[in-house]
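Novice: Here it is, the structure, as C-alpha cells.
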Amino acid sequence: MLLSMKAIDKSFSGVRVLTAATLDVAPGEVMALIGQNGAGKSTMIKILTGAYSRDAGDIVFEDKPVDFRSTAESQAAGIATIYQEINLAPNRSVAENIFLAREPRTRLGLVDRRKMRADARAVLKRFNLDVDVDRPLEDFGAATRQMVAIARGVTQNARLVIMDEPTSSLDEREVAVLFETIRTLKADGVATIFISHRLDELYAICDRVTIMRDGRTVAVSTMKDISKIELVRSMLGKELTAFTARVHGEDIAREPFVDATQLGAGLRVRDVSLSIARGEIAGLAGLLGAGRTETARLLYGADRKDKGSIRVAGAEKSYAAPADAIRDGFGFVSEDRKVEGIVPEMSVRENMTLAILPRLQKSGVVDTAEQQRIVDRYIKALGVKCASPEQPIRELSGGNQQKVLLARWLCMNPKLLIVDEPTRGIDVGAKAEILKLLRGLADDGLSVLMISSELEELIAAADHVTVLSDGYSVAHLGAGEITEERLMTAMAHQDEEAA
Ligand SMILES: Nc1ncnc2c1ncn2[C@@H]1O[C@H](COP(=O)(O)OP(=O)(O)OP(=O)(O)O)[C@@H](O)[C@H]1O
Ligand SMILES: [Mg+2]
C-alpha cells in the first residue's frame with residue numbers, strides 16, 4: 001500500500017466525528033471515498049494532510065509512519081490536495097499559481113519568470129490544456145482553475161493526489177478532461193483519492209471504493225464488484241426511498257407567474273424566452289456557458305437586460321436590483337455558496353434566518369421563539385447534520401452548509417424560488433429529500449426555476465424544461481418530453497449546427 005490510515009478517531013469539542021476509520025490506497029490506484037454529507041470524508045482527508053490532528057490511529061505513507069503537522073509537511077512528502085473549495089490566488093497568473101511560494105529562482109535569488117512560465121506551460125501541456133499562463137486565474141472557469149490546482153500538485157512530485165468533490169462545479173465536457181488528467185496521473189503511478197456524490201462517475205474512473213457512514217469505514221470494494229444500489233445502501237445504511245419521478249401526463253394549463261420573452265443582455269444571453277407558472281417546477285438546462293445563470297440574473301434584477309420583456313403576475317417588470325425582485329417574492333439560491341452565501345463565523349440559526357430577521361422583529365426585538373421554531377423545522381425538513389443550531393456554520397460539512405443556504409430562502413416563503421444547482425455537493429439520500437420538499441412546496445403554489453447540470457434531476461423533478469445553448473433558448477420540452485436523449489440533443493444543438 002502507498003497509504004494506510006488505521007483506526008483513526010477524531011472528536012470536535014466532545015462530538016465524535018470519526019471512529020476507528022480506515023483508508024488504504026495502493027500506488028497508482030484511483031480510490032473513491034464516499035458517504036453521506038457529514039460522514040467524515042473531508043475530515044479524514046484533513047487529518048491525513050495535517051490540517052487537523054487526530055485523537056488516535058496510525059498513518060503509514062510509503063512504508064513510513066507519518067504524522068504531518070501541517071499541509072506544507074504533507075505536501076513536501078508527496079501528497080497534493082485539491083480541496084472542496086479551491087484556495088488559489090485568483091488575481092495572480094496561472095503560472096504564479098502553479099508555483100506559488102516555491103517559484104524557481106535565478107542565481108541572484110530573483111524569481112525566474114521565464115523558467116516559471118516555461119515550466120507551467122510544459123506541465124499544462126501534459127494534460128492537454130492550452131491556456132495562456134500569463135493571464136490571471138480569475139479569467140478562467142472552474143475547470144481550468146481545478147486543473148491548475150492539480151498541475152500545482154503534480155509539479156510538487158506528488159505520489160498521491162486528493163480531490164475533494166472535484167466535479168461538482170464541472171459540466172460533462174470538463175469532467176471528461178479531468179478524467180483524462182486522472183488517467184495520465186495513473187499512468188505515471190500516481191494514486192488518486194476521489195470524493196464525489198455523483199455515483200455514476202465512480203464507475204468511469206475509480207478502481208476501488210471506500211464507503212464511510214457516521215464516521216466509520218463500513219465497506220471497501222473494487223468498483224466492478226459493487227452495484228450502485230449496494231453503494232447507496234451501504235452509504236445510507238438503509239434503502240434509498242427514491243424520489244418518485246413525477247408522472248408526466250399532459251401539460252396542465254396553469255396561471256403563469258413569470259413570463260420572459262426574447263431576453264437579451266451582452267453576449268451571454270442573446271434570445272431567451274421562458275415561462276414559469278404558479279405551482280410548477282420549471283427546469284433550465286444547458287451546458288456550462290450556455291447562459292443559464294446569466295438568464296436567472298436577468299430575471300431577478302442582478303443584471304440589466306438589453307432587450308426583451310419580463311412579466312411577473314401579468315405586469316411588465318424591470319427590476320433595478322435583486323431587492324426589488326425579492327419584494328415581489330423572488331428568492332435565489334446561488335450556485336456559489338462561498339461568494340453569496342454563508343457567514344462562516346455565524347451560527348446555523350443566524351445564517352438560516354439572516355434574510356427574515358426584519359420580519360422576525362417586533363419593535364426591534366427578535367422573536368426568538370418564532371426564530372427557533374423556524375430553524376428547528378428546516379433542520380428537520382432538510383436533515384441538516386449539526387451538533388446544535390448554535391454551531392458555527394463553518395464547522396458543518398460542505399453539503400450541510402448548502403442545505404442551510406437553501407433553508408434561508410425557503411423560510412422567506414417566496415413565490416418564486418430560483419435555484420442554481422440546488423443539490424450540488426449534496427448526497428443521494430438528501431438529494432431525494434430536497435427534491436421531494438421542492439415538489440411539495442410547488443404543490444402548495446410555489447414556482448420554482450431549477451437550473452441543473454444533472455439531467456436525472458431535471459427528469460425527476462421538472463414539469464417542463466427550457467434548454468439553452470449559446471445564449472439562445474433552443475427547446476422547450478413539455479411534460480412527457482423530458483428524456484435524457486431529448487435534453488442532450490437540444491443541449492448539443494449549437495455544436496450540431498456548427499458541424
Ligand atoms: N472544525 C470542526 N469543528 C466541529 N465539527 C466539525 C469540524 N469539521 C468537521 N466537523 C464535523 O464533522 C462531521 C464530518 O464532517 P466532514 O466535513 O468530514 O463531512 P463530509 O463527509 O466531508 O461531508 P460532505 O459530503 O457534506 O462534504 C460533520 O458532522 C461536521 O459538522
Ligand atoms: Mg466534505
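The values are calculated or read from the model by the stated rules, or taken from the named source; none is laboratory data. What you see is a predicted model; the values in this text were computed from it and never measured. All Cβ positions, glycine included, derive from the backbone under ideal geometry; neighbour counts span all protein chains shown.
Novice: Based on this model, can you work out whether residue 331 counts as in a loop (DSSP other than H, G, I, E, B) and surrounded by 14 or more Cβ atoms within 10 Å (Cβ to Cβ)? Spell out how you get there, then give the answer.
Specialist: Numbers: in a loop (DSSP other than H, G, I, E, B): no; surrounded by 14 or more Cβ atoms within 10 Å (Cβ to Cβ): yes.
So residue 331 fails the test.
Novice: Kindly indicate which of 91, 37 is part of a loop (DSSP other than H, G, I, E, B) and within 16 Å of ligand 2 (Cβ to nearest atom). Talk me through it step by step, then tell me what you get.
Specialist: On the way: 91 fails: within 16 Å of ligand 2 (Cβ to nearest atom).
Result of the check over 91, 37: 37.
Novice: Does any residue of segment 16-33 turn out to be away from ligand 2 (no atom under 11 Å from the Cβ), modelled with pLDDT under 95, out of contact with any strand residue (DSSP E or B) (no Cβ under 9 Å at 6 or more places or on another chain) and closer than 24 Å to residue 385 by Cβ?
Specialist: No - not one qualifying residue is present in segment 16-33.
Novice: Considering only residues that are of a type outside the set (A, V, I, L, M, F, W, C) and under 21 Å from residue 163 (Cβ atoms), which ones fall in segment 126-148? Explain how you work it out, then say what you get.
Specialist: Step one: list which residues in segment 126-148 are of a type outside the set (A, V, I, L, M, F, W, C), which gives 126, 128, 130, 132, 134-136, 138-139, 141, 144-146.
Hits for segment 126-148 are 126, 128, 141, 144, 145, 146.
Novice: Say whether the condition of being in a strand (DSSP E or B) and surrounded by fewer than 17 Cβ atoms within 10 Å (Cβ to Cβ) is met by at least one residue in segment 117-125.
Specialist: Here is the first cut: in segment 117-125, the ones in a strand (DSSP E or B) are none.
No, the conditions are met nowhere in segment 117-125.
Novice: Residue by residue through segment 225-240, note down the ones that are modelled with pLDDT under 95 and not in a loop (DSSP other than H, G, I, E, B).
Specialist: 228, 229, 230, 231, 232, 233, 234, 235, 236
Novice: Let me ask another. Which one of these is of a type in the set (Ser, Thr, Tyr) and either within 16 Å of ligand 2 (Cβ to nearest atom) or assigned to a strand (DSSP E or B) (or both): 11, 74? If you could, list the steps in order and put the result at the bottom.
Specialist: Details: 74 fails: either within 16 Å of ligand 2 (Cβ to nearest atom) or assigned to a strand (DSSP E or B) (or both).
Of 11, 74, the one residue that is of a type in the set (Ser, Thr, Tyr) and either within 16 Å of ligand 2 (Cβ to nearest atom) or assigned to a strand (DSSP E or B) (or both) is 11.
For (1) touching a Lys or Arg at 6+ places or on another chain (Cβ under 6 Å); (2) away from ligand 2 (no atom under 16 Å from the Cβ), each residue gets a yes or a no:
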{"site": "419", "(1), (2)": "no, yes"}
{"site": "422", "(1), (2)": "no, yes"}
{"site": "429", "(1), (2)": "no, no"}
{"site": "442", "(1), (2)": "no, yes"}
{"site": "471", "(1), (2)": "yes, yes"}
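Novice: Does residue 28 count as more than 9 Å from ligand 1 (Cβ to nearest atom) and in a loop (DSSP other than H, G, I, E, B)? Full working, then the answer.
Specialist: On the way: more than 9 Å from ligand 1 (Cβ to nearest atom): yes; in a loop (DSSP other than H, G, I, E, B): yes.
In short, yes.
Novice: With (1) within 24 Å of the chain's Cα centre (by Cα); (2) modelled with pLDDT under 85; (3) not small (Gly, Ala, Ser) as the list, and residue 155 as the residue in question, which single condition is left unmet?
Specialist: Just one mismatch for residue 155, condition (1).
Novice: Looking at (1) modelled with pLDDT of 90 or more; (2) more than 16 Å from ligand 1 (Cβ to nearest atom); (3) surrounded by fewer than 20 Cβ atoms within 10 Å (Cβ to Cβ), can you tell me which one residue 391 breaks?
Specialist: With respect to (1) modelled with pLDDT of 90 or more; (2) more than 16 Å from ligand 1 (Cβ to nearest atom); (3) surrounded by fewer than 20 Cβ atoms within 10 Å (Cβ to Cβ), residue 391 is out only on (2).
Novice: Quick one: which residue in 54, 16 is part of a strand (DSSP E or B), basic (Lys, Arg) and under 28 Å from the mean Cα position of the chain (by Cα)?
Specialist: Numbers: 54 fails: part of a strand (DSSP E or B).
Of the residues listed, the single one that is part of a strand (DSSP E or B), basic (Lys, Arg) and under 28 Å from the mean Cα position of the chain (by Cα) is 16.
Novice: Go through segment 29-63 and give me each residue that's surrounded by fewer than 17 Cβ atoms within 10 Å (Cβ to Cβ) and either touching a residue at least 60 places away in the same chain (Cβ under 8 Å) or polar (S, T, N, Q) (or both).
Specialist: The answer is 53, 62.
Novice: Please determine whether any residue of segment 315-326 is modelled with pLDDT of 90 or more, more than 30 Å from residue 38 (Cα to Cα) and among the hydroxyl-bearing types (Ser, Thr, Tyr).
Specialist: yes
Novice: Sort through 366, 343 and tell me the only one that's touching a Ser or Thr at 6+ places or on another chain (Cβ under 9 Å), surrounded by fewer than 16 Cβ atoms within 10 Å (Cβ to Cβ) and not aromatic (Phe, Trp, Tyr). I'd like the intermediate steps shown before the answer.
Specialist: Numbers: 343 fails: touching a Ser or Thr at 6+ places or on another chain (Cβ under 9 Å).
One residue alone meets the criteria, 366.
Novice: Could you check, for segment 80-92, whether at least one of its residues is touching an Asp or Glu at 6+ places or on another chain (Cβ under 6 Å), within 15 Å of ligand 1 (Cβ to nearest atom) and either of a type in the set (Lys, Arg) or not assigned by TED's automatic domain parsing to the domain that holds residue 398 (or both)?
Specialist: Yes.
Novice: Whether any residue in segment 440-450 is of a type outside the set (A, V, I, L, M), within 16 Å of ligand 1 (Cβ to nearest atom) and free of Cβ contacts under 8 Å to residues at least 60 places away in the same chain is what I want to check. Walk me through it before giving the result.
Specialist: Initial filter on segment 440-450 (of a type outside the set (A, V, I, L, M)): 440, 443-445, 447.
Next, from what is left, pick out any that are within 16 Å of ligand 1 (Cβ to nearest atom): none.
No - not one qualifying residue is present in segment 440-450.
Novice: Another question, if that's okay. Determine the pairs where a residue that is within 18 Å of residue 181 (Cα to Cα), located within segment 191-205, has a partner that is of a type in the set (Phe, Trp, Tyr) with Cβ atoms under 9 Å apart, the partner being 6 or more residues away or on another chain.
Specialist: 201/179; 201/194; 202/194; 204/179; 205/179; 205/194
Novice: Further, regarding this structure: Being of a type in the set (A, V, I, L, M, F, W, C) and within 16 Å of ligand 2 (Cβ to nearest atom) is true for just one of 384, 375, 365. Which residue is that?
Specialist: Values: 375 fails: within 16 Å of ligand 2 (Cβ to nearest atom); 365 fails: within 16 Å of ligand 2 (Cβ to nearest atom).
That would be 384, the only listed residue that is of a type in the set (A, V, I, L, M, F, W, C) and within 16 Å of ligand 2 (Cβ to nearest atom).
Novice: If you don't mind, another one. Among residues belonging to segment 295-321 that are free of Cβ contacts under 8 Å to residues at least 40 places away in the same chain and assigned to a helix (DSSP H, G or I), point out the one that is farthest from the chain's Cα centre (by Cα).
Specialist: Residue satisfying both the conditions and the ranking: 298.
Novice: Do we have any residue at all in segment 430-450 that's modelled with pLDDT under 85 and of a type in the set (Ser, Thr, Tyr)?
Specialist: Checked segment 430-450: no residue is modelled with pLDDT under 85 and of a type in the set (Ser, Thr, Tyr).
Novice: Mind checking which pairs have a first residue in segment 138-165 that is of a type in the set (Phe, Trp, Tyr) and a second that is in a helix (DSSP H, G or I) and within 16 Å of ligand 2 (Cβ to nearest atom), Cβ under 6 Å, 6 or more apart or different chains?
Specialist: So the pair list comes out empty.
Novice: Would a scan of segment 87-109 turn up a residue that is of a type in the set (D, E, K, R) and free of Cβ contacts under 8 Å to residues at least 12 places away in the same chain? Working first, answer last.
Specialist: Filtering segment 87-109 for residues of a type in the set (D, E, K, R) gives 92, 96, 102-103, 105, 107.
In the following step, the residues that additionally are free of Cβ contacts under 8 Å to residues at least 12 places away in the same chain were identified as 105, 107.
For segment 87-109, residues of a type in the set (D, E, K, R) and free of Cβ contacts under 8 Å to residues at least 12 places away in the same chain: present.
Novice: Need pairs with beta-carbon distance below 6 Å; first residue in contact (Cβ under 8 Å) with a residue 12 or more places away in the chain and within segment 170-190, second among the small types (Gly, Ala, Ser); sequence gap 6+ or separate chains.
Specialist: Pairs found: 170/143; 171/453; 174/143; 186/28; 189/28.
Novice: For residue 396, which of the numbered conditions (1) away from ligand 2 (no atom under 16 Å from the Cβ); (2) in contact with a Cys (Cβ under 7 Å, 6 or more places away or on another chain) fails to hold?
Specialist: (1)
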